[in-house]
Every structure is written in C-alpha cells, then in structure tokens.
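**Student:** This is the structure I have questions about; it appears just below.
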C-alpha cells in the first residue's frame with residue numbers, strides 16, 4: 001500500500017463518545033490502570049494476604065496431595081529469599097514467553113518480507129463480487145497468523161472493495177473487523193495467541209495437578225469447525241443488517257477520494273515471488289505430512305502416536321510455525337528484492353519484536369504474581385473453596401460453563417487484552433472448575449468465545465481509533481458510537497454461534513483439540 005493511514009491525534013467530537021452506555025464503558029475503561037501496574041498491585045496484595053491467611057486454619061483438602069490446605073506466608077524471611085533466588089527463573093521459565101517470541105520472529109520474517117501483505121491483497125483482488133463478504137471474513141481469520149497486520153492491511157482493502165462493487169464501504173469495515181477480531185476463537189490455522197493462552201492455562205491447571213499438561217492445539221478442532229458457522233453468521237449479519245443500516249444511517253461523503261492502485265496493486269516481480277514462495281510453503285507442508293505417515297516416524301512418540309504430549313511433532317509446534325513462516329518469508333524477500341542484505345532479514349524480526357515490548361515487560365510481573373499465587377497456596381484455597389460453593393449450588397457443568405462465558409463477555413467490555421484477562425482469570429477459574437470435574441481445555445474454550453466476540457463492540461479495543469479513521473475516509477461523522485453500533489450485531493451473532501458450537505461439540509463428545517477432554521481427570525487419554 002503506497003498510502004499509509006495514520007491514526008489522528010484526536011478523534012472528532014461525537015455525542016456518543018460521552019453519553020449513554022457506550023460513554024460509560026469508555027469513561028470507566030479509561031480509569032483502569034495499565035495492566036502491568038495491575039499485576040504489580042496483585043503481586044503485593046497476594047503477599048500481604050498470604051501473611052494474614054497463614055495464621056488461619058482451613059478445613060479444605062488439596063485434591064492431589066490429600067492434605068489440608070495451609071497458606072504460606074510469602075513475606076516471611078525464608079519465602080522472600082526463595083522469591084529472590086527464583087525471580088529470574090520465574091521469568092525465563094514463564095511458558096508463554098519463549099513460545100510467543102519464537103513464533104513471532106518467524107511470522108515477522110514473513111510479514112516483513114511483504115509475503116503476507118501480497119497474499120492478502122491477491123486473495124481480495126480476485127474475489128468475485130457475490131463472494132466479497134465471505135472472502136473478506138475468511139481473509140480476516142487468516143490474518144491471525146500475523147499479529148495486528150489485518151487491521152492495517154485488510155480493513156482498508158475490504159472497505160475499498162465494498163465501495164468499488166457498489167456496497168457500503170463501512171459494511172466492508174465491519175465484515176473484515178468481525179473476521180479479524182471477533183472471530184479470534186475460530187480459525188483454520190494456529191495463531192500467535194494460542195501459545196499465550198495455553199501457557200496460562202497449563203500453569204493454572206498445575207495449581208491443582210502439577211503433572212497436568214495442556215496442548216497448544218487443545219482447542220484446534222473446535223476452532224476449525226467453528227469457522228464455518230462464523231462465516232455464515234457474519235455473512236448474514238453483513239447482508240441483512242449491516243448493509244441496510246449503513247445505507248440508512250451513514251450516507252457517504254460527496255468528496256471521497258480513493259485510488260485503486262493505492263490499495264490493490266502488486267508488481268509482476270511481487271507476483272512471481274509470491275507464487276514461488278507459496279510453492280515452497282506447500283512443499284514444506286507436504287514434506288511434514290509425509291514425514292508423519294510412517295508408523296515409526298521420528299516425529300511420533302514411542303508408541304507411534306502423533307497426538308501425544310511426548311510426540312516430537314507436538315513438542316515442536318511453535319518451532320514448526322517459525323520454520324514455515326521464516327523460510328517462506330526468506331524466499332519471498334530475496335526474490336522480490338525486499339531482502340537485499342542480511343540486515344534487511346534481521347530488521348524484519350527486530351521490527352515485529354517491537355510489538356512485543358509491552359508484553360515482555362508485562363510477563364515479568366505476571367510471572368512473579370503467578371509464582372506467589374501458587375506458592376502461597378492461595379490459588380489452591382480459592383479453587384477448592386470455590387469448587388465447594390459450586391457443588392453446593394448443584395449446577396450442571398453446562399450451566400457453569402455458560403456462566404463463565406457471560407462473565408468474560410461483561411469483563412471484556414473493559415479489558416480487551418486476551419493475555420491480560422486470562423492471566424488474571426486462569427489461576428482462579430481453571431483449578432476451581434477442575435475441582436468440580438471440568439477440564440482446563442473446556443474452560444479455556446469458554447473463555448475464548450467471549451474474549452473474541454465482544455472485542456468488536458467495545459470502545460476499549462486498542463484498534464478502535466484506527467478503524468474509525470478508516471471509516472471517516474467514507475463517512476466523516478463516524479465516531480465511537482457509530483462503530484460500536486455497527487459491530488454490536490456481530491458480537492451477538494458470534495456469541496450465539498460460538499457458544500452453540502461449543503455445546504454441540506460437548507453433546508457429541510467431539511474432542512475440542514489435541515489431548516483435550518471435557519472432564520477432569522481425563523478420560524480420552
């Protein structure tokens with residue numbers, strides 16, 4: 001794209017920004033401290049609370065050890081020394097840290113080379129008019145591979161395609177936004193968020209069961225199957241609700257100035273490079289499949305299983321993602337001329353790593369909090385006492401999971417970061433539900449439904465200002481309330497279809513993903 005849209009320093013005033021329910025959400029969310037500060041506070045609160053609770057006796061029994069739960073005073077001299085000695089290893093051994101960095105480096109090469117950008121534009125450029133809406137949604141889902149690139153590439157392209165085909169451009173913004181952010185719980189390929197969420201789920205599960213492991217792809221079967229329902233529902237919302245509403249409520253400006261070549265143009269060299277790089281990617285995927293076929297493949301475990309925690313292929317998922325993305329990006333970058341030297345190659349990884357700076361800082365304090373929460377036994381105490389309360393209610397597990405979906409949906413109006421929310425909720429919900437027989441993989445799936453579906457309708461979402469700028473190229477009066485109103489039908493549709501798919505999987509006892517079950521202890525594996 002030869003023109004890059006930059007967020008405005010100040011959005012135009014809109015009555016919807018300061019009044020009503022949307023205004024309340026915006027004002028309340030702005031008062032929430034930075035998420036890193038929340039975890040610093042949570043760490044100190046945990047330590048102080050442990051000192052108080054360590055003087056009390058509880059009748060709750062740890063389900064794994066069979067012993068009464070006693071809270072450890074994290075402010076005692078012994079525990080403070082232990083904390084100091086483990087501070088570095090708490091951080092370096094934090095499960096999401098290494099996986100996220102490695103996967104992101106590979107994706108950064110593919111993104112920095114221009115391969116992902118060219119691929120997305122080519123898909124959209126050859127789309128027939130009657131398939132524009134579903135293809136835009138699908139491409140939005142595929143953009144999950146590249147962190148945040150979909151917002152800057154796909155949304156403006158989708159708006160133009162709708163505009164050029166006679167549809168309302170804001171409908172294109174809405175459909176692509178729904179595919180990118182709203183459908184994060186549904187995808188054809190693993191995404192960068194998978195190892196982040198999995199890491200917190202596994203650490204939380206080990207509060208109750210130290211031997212418990214969670215596969216990075218524990219929700220993959222559910223995510224893949226849900227794509228079809230998501231595409232259909234978002235397609236219907238776009239054609240039957242969004243498009244008519246936009247034509248009525250958002251009349252296009254008379255001075256729209258959009259040039260086609262600014263958005264969709266690719267050179268012949270880029271085209272050739274893309275085809276060669278894609279061939280290399282397909283060849284690598286075929287090679288991986290062929291390597292897995294023999295019963296004695298070195299990628300299988302000792303018993304010949306592929307879907308096993310001990311299978312090298314499962315232990316190498318993140319490395320495989322890195323290699324597939326990196327090799328494809330290198331081939332494209334060299335052939336297209338984007339990578340003219342080794343410095344260009346390393347720059348692509350350095351640039352995308354900049355997007356992780358906030359996450360890397362946050363992980364340090366999250367790691368210390370998770371350690372204190374587990375070592376103090378407060379996590380186990382909350383889980384077991386909460387489980388006792390749930391048992392007293394005698395709710396069926398289906399009702400409990402639905403409660404999780406509703407709670408996360410409401411919380412997501414204020415805190416949209418998936419990693420931030422799950423790092424807070426996982427240590428509470430995962431062990432608590434394990435104590436009443438609900439598997440961590442099911443709890444994680446329930447969390448991801450609301451986490452993704454509500455993103456698109458809350459003004460607290462980080463990309464709202466940028467998306468409003470895209471809308472203002474066609475309708476200058478677009479504000480926070482305009483975009484939230486535009487996206488609310490997608491949130492409702494996504495919540496309904498994703499929840500329905502989860503209960504359908506559960507009812508038919510279809511695995512949610514690799515090494516995933518619905519009950520704890522596991523029955524399938």
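The values are calculated or read from the model by the stated rules, or taken from the named source; none is laboratory data. Nothing here was measured: the structure is a model prediction, and the numbers come from that model. All Cβ positions, even for glycine, are placed from backbone atoms using ideal geometry, and neighbour counts span all protein chains on display.
**Student:** Run down 425, 410 and say which single residue is on the phi < 0 side of the Ramachandran plot, in a helix (DSSP H, G or I), free of Cβ contacts under 8 Å to residues at least 60 places away in the same chain and surrounded by fewer than 19 Cβ atoms within 10 Å (Cβ to Cβ).
**Tutor:** When all the criteria are applied, what remains is 410.
**Student:** Scan region 161-183 for residues that are surrounded by fewer than 24 Cβ atoms within 10 Å (Cβ to Cβ) and at pLDDT below 80 and report the count.
**Tutor:** Summing the residues that are surrounded by fewer than 24 Cβ atoms within 10 Å (Cβ to Cβ) and at pLDDT below 80 in region 161-183 gives 2.
**Student:** Yes or no: region 376-395 includes at least one residue that is within 25 Å of residue 48 (Cα to Cα), assigned to a loop (DSSP other than H, G, I, E, B) and either over 26 Å from the mean Cα position of the chain (by Cα) or modelled with pLDDT of 75 or more (or both).
**Tutor:** Yes, some residue in region 376-395 is within 25 Å of residue 48 (Cα to Cα), assigned to a loop (DSSP other than H, G, I, E, B) and either over 26 Å from the mean Cα position of the chain (by Cα) or modelled with pLDDT of 75 or more (or both).
**Student:** Could I ask something else about it? Can you tell me which residue is nearest to the chain's Cα centre (by Cα) among those in region 84-100 that are surrounded by 15 or more Cβ atoms within 10 Å (Cβ to Cβ) and modelled with pLDDT of 80 or more?
**Tutor:** 91
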